[in-house]
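Right, one structure below, let's go through it.
The values are calculated or read from the model by the stated rules, or taken from the named source; none is laboratory data. Bear in mind the structure is a predicted one, so any value in this text is a computation, not a measurement. For neighbour counting, all protein chains shown are included, and Cβ atoms are generated from backbone atoms with ideal geometry for every residue, glycine included. Heavy atoms of the whole protein, side chains included, go into the accessibility calculation; ligands, DNA and RNA do not. Shrake-Rupley method; radii C 1.70, N 1.55, O 1.52, S 1.80 Å.
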Amino acid sequence: MGDVDDHAVVIGAGVAGVLTARALARRFRRVTVVERDALPDQGPAFRPGVPQSPQIHAFWKHGVDCAEHLLPGLTQELTDHGACRLIVPRDFLWLSPVGWFPRVSGAADLTCSRVLLDWVLRRMAGADERIEFLPESHVTGLVARSGGVHGVRLRSAGSGEPLSAGLVVDASGRRSEAAKWLAELGYPAPTVERYDAGFGYSSRYYKLPDSARRDWKAIYIQTSPSMPRGGVLVPVEGGRWMATLLGCGEHIPPTKDDQFLDYARSLRSPVLYEALKGAEPLSDAQGYRNTANEWRHYESLKRWPSGFVVLGDALCRFNPVYGQGMTVAAMSAKAIADAIDGMDPARIHSSSQRLQRAAAAQSANAWGLATGEDLRFPWTEGKPPGAMVKALHQYMSHVVAAGNVDDATCRTIFQVFGMTAPPTALFKPSAVARVMARWRTPTAAPSTAPAPPSTRT
Ligand SMILES: Cc1cc2nc3c(=O)[nH]c(=O)nc-3n(C[C@H](O)[C@H](O)[C@H](O)COP(=O)(O)OP(=O)(O)OC[C@H]3O[C@@H](n4cnc5c(N)ncnc54)[C@H](O)[C@@H]3O)c2cc1C
């Protein structure tokens with residue numbers, strides 16, 4: 001094994017970090033997850049390193065399955081703690097920009113608070129004796145020698161001594177300093193692609209009155225360029241509901257409690273307002289604004305140090321409106337697990353560029369979808385859409401309009417959203433034929449509540 005340590009370091013105890021720790025524990029004798037925050041172990045709790053956690057966090061089943069592969073029993077553990085399984089859009093009242101989706105089974109989703117998810121992930125991974133969490137320790141740089149990364153520098157409540165490692169994985173989220181750390185070692189900056197539609201969120205927990213008449217389990221009023229304000233309501237653990245308002249520009253949702261309902265009333269359909277008006281707020285409204293898509297293309301750098309990988313939001317983050325970030329993080333962790341299967345730490349150390357590319361490849365489909373949709377908003381900052389993207393917008397508008405009246409098209413749309421099918425599924429001859437057969441001019445959606453649910457699957 002030469003001078004390569006059989007200890008790995010993961011920076012950040014978020015979704016990407018914890019799942020990657022489990023992937024690495026298959027091949028490294030020890031894995032240390034270094035986290036700048038204190039880590040609450042008594043139960044789910046907010047921590048400043050994950051400031052987005054008071055907002056809605058729905059986990060597509062494909063991501064849950066990748067996470068389950070690394071942490072068997074995760075789904076059961078989450079549902080035992082009250083996480084809710086939803087079938088999308090069957091269990092929803094879901095208003096697309098041009099109409100209501102039929103209540104068919106497209107994709108599955110798990111909803112719970114982000115703090116519960118983080119706590120369960122950490123608790124389960126912590127039961128693995130090869131994995132150790134090092135809280136209140138801030139990674140400040142990389143330790144390098146002979147063209148490779150061999151550890152991290154720390155600012156810590158503990159000894160603060162550097163940690164040596166055969167592999168360092170940066171999963172420190174959107175505020176990652178990996179580009180700066182690499183520059184200190186003489187590596188060039190990655191190309192950064194960025195698209196920002198300027199979305200803001202505001203979320204609040206509610207208790208809904210019991211209702212035997214309620215024939216839905218969740219609501220989603222999507223935004224559109226002509227009406228860039230929307231809202232979501234999903235059940236979470238503890239019998240609570242999370243209501244999230246989202247919008248951009250002058251439509252940024254309010255964080256003042258007394259304006260929350262007024263904004264809900266202003267959406268394209270009254271269904272969300274109707275659901276909330278008699279409900280009991282259980283928390284204040286909390287806002288969040290930093291929602292740009294940003295991909296730091298480390299995988300394209302020609303020169304890359306051995307022993308270092310960047311993944312999760314630190315590599316690529318998405319406008320959260322499409323609910324993709326945690327699923328891509330889980331897919332990347334699984335891709336790392338698959339790629340290092342059968343390798344010893346020395347080979348893993350020297351394969352870091354291949355691992356970097358494997359992790360980055362997991363972002364491609366989600367990136368195309370999120371940035372493509374965001375470019376419909378004319379104010380989106382970033383490279384303006386070319387002829388190809390504009391043509392795709394036109395086709396996709398017709399796909400959504402067809403999906404409002406055709407069960408099979410609707411199902412495929414949600415399989416693509418949920419990442420169980422690639423976007424190309426919407427371009428197969430059979431899919432195109434269904435769209436063509438239902439070609440109609442997409443118009444503004446009716447605001448009235450949709451037809452009662454069926455049991456269609
Ligand atoms: C408003 C909003 C809503 C979202 N909704 C959804 C959704 O519905 N579905 C979905 O799938 N995704 C959603 N996301 C995306 C999701 O939050 C991220 O994709 C996901 O958290 C990425 O996980 P991560 O582990 O890469 O980063 P994070 O979860 O951000 O974790 C990074 C960790 O690194 C730690 N850290 C940072 N720097 C250091 C350092 N130098 N040293 C040590 N530790 C460090 C931080 O404290 C933190 O614990 C949403 C995001 C936002 C902003």
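Work out the charge dipole of the chain with +1 on the Cβ of Lys and Arg and -1 on the Cβ of Asp and Glu about the Cα centre, then indicate which of A433, G126, W216 is farthest towards its positive end.
A433
Which of the peptides 23-36, 246-259, 419-432 is most tightly packed, and how do the rest follow, judged by the mean count of other Cβ atoms within 10 Å per residue? Before the final figure, lay out each step's value.
Numbers: 23-36: 21.9, 246-259: 17.0, 419-432: 15.2.
Ranked by mean Cβ neighbours within 10 Å, highest first: 23-36, 246-259, 419-432.
Just flag the trypsin sites (Lys or Arg not before Pro) in region 303-394 sitting in loop per DSSP whose Cβ has no more than 13 other Cβ atoms within 10 Å.
Passing sites in region 303-394 are R303.
Which order do peptides 129-138, 292-301, 41-50 fall in by mean Cβ count within 10 Å, highest first?
292-301, 129-138, 41-50
What are the ³J(HN,Hα) couplings of region 24-41, residue after residue, when phi is run through the Karplus curve with 6.51, -1.76, 1.60 and θ = phi - 60°? Round to Hz, x for glycine and proline.
6, 5, 6, 10, 9, 5, 9, 10, 10, 9, 8, 10, 6, 7, 5, 10, x, 10
Tell me which residues come under 5 Å, amide H to amide H, from L142 once H is placed; ignore anything under 5 positions away on its chain.
Those qualifying (amide H under 5 Å, at least 5 residues apart or on another chain) are R153.
Which value, in debye to the nearest 20, gives the size of the charge dipole of the chain about its Cα centre, when Lys and Arg are +1 and Asp and Glu are -1 at the Cβ?
Numbers: 51 positive and 44 negative charges, 228 e Å.
Magnitude of the dipole: close to 1100 debye.
Please work out the ratio of the alpha-carbon Rg of the chain to 2.2 N^0.38 Å and round it to two decimals.
Numbers: Rg = 22.3 Å, N = 457, 2.2 N^0.38 = 22.6 Å.
Rg over 2.2 N^0.38 Å, computed on Cα atoms: 0.99.
Pop out the ³J(HN,Hα) list for region 154-170 in order, Karplus 6.51 cos²θ - 1.76 cosθ + 1.60 with θ = phi - 60°, rounded to Hz; leave Gly and Pro as x.
10, 10, 9, 5, x, 5, x, 5, x, 9, 8, 7, x, 8, 10, 10, 8
With everything on Cα atoms, drop me the angle between helix 387-403 and the longest principal axis of the chain, reported from 0 to 90° to the nearest 10.
Long axis of 387-403 versus the principal axis of the chain: about 60 degrees.
Give, rounded to the nearest 20 debye, the magnitude of the charge dipole that region 105-192 has about its Cα centre when Lys and Arg contribute +1 at Cβ and Asp and Glu contribute -1 at Cβ.
200 debye
Can you list the aspartates and glutamates whose alpha carbon is less than 17 Å from that of K277, not counting same-chain residues fewer than 8 positions off?
D210, D257, D258, D262
Counting only helical runs of four or more DSSP H residues, what would the 222 nm mean residue ellipticity of the chain come to if each run contributes -39,500 (n - 2.57) and the total is spread over all its residues? Walk me through the numbers before you get to the answer.
On the way: 14 runs with 142 residues, N = 457.
Computed ellipticity for the chain at 222 nm equals -9000 deg cm²/dmol.
Expressed in whole Å with the largest first, what are the equivalent ellipsoid semi-axes of region 316-415 derived from the C-alpha gyration tensor as the square root of 5 times each eigenvalue? Display every interim value, and only then the final one.
Working: eigenvalues 230, 61, 23 Å².
That gives 34, 17, 11 Å for the three semi-axes.
Taking the solvent-accessible surface of protein heavy atoms with a 1.4 Å probe, what is the per residue accessible area of region 114-210 in Å²?
43 Å²
For region 1-152, report the % of Cα-Cα distances exceeding 24 Å.
When every Cα pair of region 1-152 is considered, 43 percent fall beyond 24 Å.
Select from region 346-412 those chymotrypsin sites (Phe, Trp or Tyr not before Pro) which occupy a DSSP coil region and have at most 16 other Cβ atoms within 10 Å, ordered by residue number.
On the way: sites: W367, W379, Y395; in loops: W379.
Filter output for region 346-412: W379.
So what's the angle, to the nearest 10 degrees on a 0 to 90 scale, between helix 407-417 and the longest Cα principal axis of the chain?
Here the helix axis deviates by roughly 30 degrees.
To test your reading of the geometry: what angle, between 0 and 90 degrees and rounded to tens, separates the Cα axis of helix 325-339 from the longest principal axis of the chain?
40 degrees
Remind me, what semi-axes does region 230-363 give for its equivalent ellipsoid, largest first in whole Å, using sqrt of 5 times each Cα gyration tensor eigenvalue?
Three semi-axes, in Å: 42, 16, 11.
Could you give the distance between the Cα centres of region 331-360 and region 361-421, to the whole Å?
Each part reduced to its Cα centre gives a spacing of 30 Å.
According to the Kirkwood expression over distinct Cα-Cα pairs, how big is the hydrodynamic radius of region 94-167, in Å?
16.9 Å is the Kirkwood radius here.
Tell me, rounded to the nearest percent, the portion of alpha carbon pairs in region 199-288 spaced more than 16 Å apart.
Every Cα pair in region 199-288 considered, those over 16 Å come to 48 percent.
Given the convex hull over the Cα atoms of region 28-70, what projected area results after averaging over all orientations, in nm²?
4.7 nm²
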